[in-house]
Ligand code: PMP
């Protein structure tokens with residue numbers, strides 16, 4: 001068996017320990033004689049899996065009691081609609097557009113009400129986070145929306161926007177569990193798990209209880225109403241059971257690693273290795289304003305498309321996979337999520353140094 005260093009933006013690298021454990025339990029999950037894939041979601045064994053997953057996530061993120069944790073489906077993209085359908089009581093929401101995902105969320109919300117783009121960094125290809133300390137927040141805004149870590153462009157909000165008392169909704173798909181967060185500052189924190197937590201197919205929504213109501217936009221499907229899932233503890237219908245099981249294992253791995261404070265330190269260390277190299281390199285350069293750099297997604301370029309392509313190809317041959325930048329921006333991007341070992345980043349930098357020497 002040989003595993004590569006996988007720098008994919010998602011689905012992405014998972015802890016090897018978790019994959020091995022899942023493999024060991026594949027045919028017979030703890031004496032049940034079946035795989036978790038084959039198990040009723042109403043069984044005792046699965047009830048324990050989902051309850052433990054939620055309890056471990058609550059502990060890791062220190063989630064206050066007045067927040068529900070929902071395990072849903074439909075990808076992060078489904079939340080682009082579900083959020084306005086459930087929250088737009090006044091039919092007004094403010095969006096901060098810092099990348100393609102925030103833009104898509106804003107466009108989707110525009111179908112349901114007045115979605116105001118109150119700030120954007122599109123003027124400079126989303127390479128920075130706009131100043132959000134004093135934005136023209138709408139008086140009747142039902143919420144203010146951000147994408148906290150911009151997977152494609154490699155930017156991250158280092159301070160949350162001043163929402164002037166309005167509910168903050170954040171897509172944290174690509175920075176989920178990468179560092180501690182103060183959940184109480186948000187109305188909703190949500191993300192697809194396929195980057196930092198588990199296999200694609202699960203979306204975790206952490207939502208303040210007062211936002212879960214029957215008062216949703218007319219025509220909102222039962223399945224797209226938060227209350228449906230909150231009332232049924234995420235078991236209204238068949239949940240993505242195997243995915244939730246893997247998420248649960250990753251939560252236990254994170255607890256064993258020391259929790260989110262430790263992950264933050266590790267992620268800072270890893271990112272620093274790469275950013276320090278980019279800052280001194282004569283060939284490669286980072287594309288993001290320094291103070292807005294993500295710890296998770298690191299885009300970089302040589303400035304020459306052919307050389308970028310050559311780099312990606314040679315890196316692949318050397319065992320570094322998925323370094324090609326998003327199709328909308330080109331260049332390269334190394335996604336270095338929680339499960340990417342420090343050694344993977346060190347080896348990548350070594351390889352980049354060698355490539356730089358050979359292509360000077
Ligand atoms: N938000 C962010 C920040 C993302 O990176 C992605 C996917 N890469 C999405 C939303 C969309 O996620 P999904 O494919 O699960 O709908």
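The values are calculated or read from the model by the stated rules, or taken from the named source; none is laboratory data. Owing to the predicted nature of the structure, the values given are computational and were not obtained by experimental measurement. Ideal geometry is used to build each Cβ from the backbone, glycine not excepted, and the neighbour counts take in all protein chains shown.
Structure summary
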| item | result |
| --- | --- |
| Selected residue (only one of 292, 306, 233 is surrounded by 16 or more Cβ atoms within 10 Å (Cβ to Cβ), out of contact with any helix residue (DSSP H, G or I) (no Cβ under 8 Å at 6 or more places or on another chain) and at pLDDT 95 or above) | 292 |
| Close pairs from the range 1-26: first not assigned by TED's automatic domain parsing to the domain that holds residue 75, partner loosely packed, with under 11 Cβ neighbours inside 10 Å and outside any loop (DSSP other than H, G, I, E, B), Cβ under 7 Å, at least 6 apart | none |
| Test result for residue 133, in a loop (DSSP other than H, G, I, E, B) and either outside the structural domain of residue 238 (by TED's automatic domain parsing) or within 29 Å of residue 329 (Cβ to Cβ) (or both) | yes |
| Matching residues in the range 280-307 - criterion: being without any contact (Cβ under 8 Å) to a residue 60 or more places away in the chain and more than 26 Å from the chain's Cα centre (by Cα) | 280, 302, 303, 304, 305, 306, 307 |
| One residue from 59, 108, 47, 54 being within 13 Å of the ligand (Cβ to nearest atom), more than 16 Å from residue 172 (Cα to Cα) and outside any loop (DSSP other than H, G, I, E, B) | 108 |
| Matching residues, the range 130-160, being more than 14 Å from the ligand (Cβ to nearest atom) and touching a helix residue (DSSP H, G or I) at 6+ places or on another chain (Cβ under 8 Å) | 142, 143, 158, 160 |
| Which listed residue is in a strand (DSSP E or B) and either surrounded by 15 or more Cβ atoms within 10 Å (Cβ to Cβ) or in contact with a strand residue (DSSP E or B) (Cβ under 8 Å, 6 or more places away or on another chain) (or both), from 311, 277, 300 | 300 |
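Conditions (1) under 25 Å from residue 12 (Cα atoms); (2) within 16 Å of the ligand (Cβ to nearest atom); (3) buried (at least 24 other Cβ atoms within 10 Å of the Cβ), marked per residue:
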site: 171; (1), (2), (3): yes, yes, yes
site: 190; (1), (2), (3): yes, yes, no
site: 196; (1), (2), (3): yes, yes, yes
site: 204; (1), (2), (3): yes, yes, yes
site: 212; (1), (2), (3): no, no, no
